[in-house]
Amino acid sequence: MDDRPRGPPLFTFGVIADIQYADIDDGYNYTRTRRRYYRSSLQLLRNAQKSWSEAAVKPEFILQLGDIIDGFNKSHGASDRALDAVLTEFGSGRVEVHHVWGNHEFYNFSRSALLSSRLNSTLHSERRLSGVPAGSETYAYHFSPVPGFTFVVLDAYDVSLLGRDASSQQYSAAMSVVREHNHNQDLNCPPVSGGLLQRFTMFNGAFGKEQLDWLGSVLSWADDKRERVTIVSHLPVHPSSTDVICLAWNFDELLALIRSHRSVVCFMAGHDHDGGYHQDQDTGVHHVTLPGVIETPPNSDAFGTVSVYEDRMLLEGSGRITGRVLLFQPTPGDAEPAAI
Ligand code: ZN
């Protein structure tokens, strides 16, 4: 197959994950095995913005895959200041940014504060955005930058011990799920040292039933319209696309939903700072987990630019991001190549 696309892309977009900016000296991750470059993460975002602003085809939008500032900001009373610094950097590009929420958003801010903040992209977009019905305070919506292509932003901390009020139904559901598997005093400590059960910690979360029902209806509509759907979430959902400790608690429900619809072409996530990739053999869906800025040294980079064509997306990676050709599966009814 000829992997070279012909002509210019239909549109492009930028992706970046786990910036985790804080104005503090370098540190280490929870297990003290990986260095974290809290201060220089802002410079890496600046590098990304520069590249996107100079691109031959300017991005239509940027996907910020969550954990935009680090939880340490909270203990330094610097959450608002750090968020200002990062959003000022994003603002310099004058390109619409779609913000996904991760665990570090909730270390810094309550869910209600986030809903009225600049990190709620539904309040600041000029596009027509359609979200989960109001009432649940779930942050999930979809948008279409170009006819035929839909992006769905999911809320992976819908059912969570983070950001939800302790009296809420979502918090008690989260506590039952975690407690069923994790008997540690510190719920950030995984219950086991290997395998899928490692994911039951409080730095992960789940998609609630109302959100799954909503996603199902969006995907049914997309199937009918023959849309190409890319889903984005802070937490990955395919065990082969990430260290399994980073998976959403109910990743299996999400995978089942994706497999029951033909419109999904790609699932993008962050959270696992090493990143990962897997193409689901059953569906052809590409599961891309983007390496995080926070664990990228100042002399490297961690952002991607995706060019979208009728039959594929080309992920051009900078620094630690691996470039990939993400071919779409032909949908039933697509024109077959003429027989020779
Ligand atoms: Zn995270």
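The values are calculated or read from the model by the stated rules, or taken from the named source; none is laboratory data. Source: prediction; values computed, not measured. Glycine also receives a Cβ, built like all others from the backbone with ideal geometry; neighbour counts cover every protein chain displayed. Surface accessibility is based on the protein's heavy atoms, side chains included, excluding ligands, DNA and RNA. Shrake-Rupley method; radii C 1.70, N 1.55, O 1.52, S 1.80 Å.
Here are the numbers:
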| read-out | value |
| --- | --- |
| Qualifying residue in segment 322-337 (condition: among the hydroxyl-bearing types (Ser, Thr, Tyr), touching a residue at least 60 places away in the same chain (Cβ under 8 Å) and out of contact with any Leu (no Cβ under 9 Å at 6 or more places or on another chain)) | yes |
| Subset of segment 42-89 (residues that are open to solvent by less than 50 Å² (accessible area, probe 1.4 Å), under 10 Å from GLY14 (Cβ atoms) and away from the ligand (no atom under 16 Å from the Cβ)) | ALA48, GLN49, SER51, TRP52, ALA55, PRO59, PHE61, ILE62 |
| Complete set of residues in segment 90-115 that are β-branched (Val, Ile, Thr) and within 16 Å of the ligand (Cβ to nearest atom) | VAL100 |
| Candidates ASP224, ASP252, ASP282 - the one that is open to solvent by 20 Å² or more (accessible area, probe 1.4 Å), out of contact with any Asp or Glu (no Cβ under 8 Å at 6 or more places or on another chain) and at pLDDT below 95 | ASP282 |
| Hey, VAL229 hydrophobic (A, V, I, L, M, F, W, C), open to solvent by 10 Å² or more (accessible area, probe 1.4 Å) and in contact (Cβ under 8 Å) with a residue 60 or more places away in the chain or not | no |
| Residue match in segment 298-308 (condition: on the phi < 0 side of the Ramachandran plot, among the aromatic types (Phe, Trp, Tyr) and open to solvent by 20 Å² or more (accessible area, probe 1.4 Å)) | no |
| Boolean, GLU210 is open to solvent by 10 Å² or more (accessible area, probe 1.4 Å) and either of a type in the set (Phe, Trp, Tyr) or touching a Phe, Trp or Tyr at 6+ places or on another chain (Cβ under 7 Å) (or both) | no |
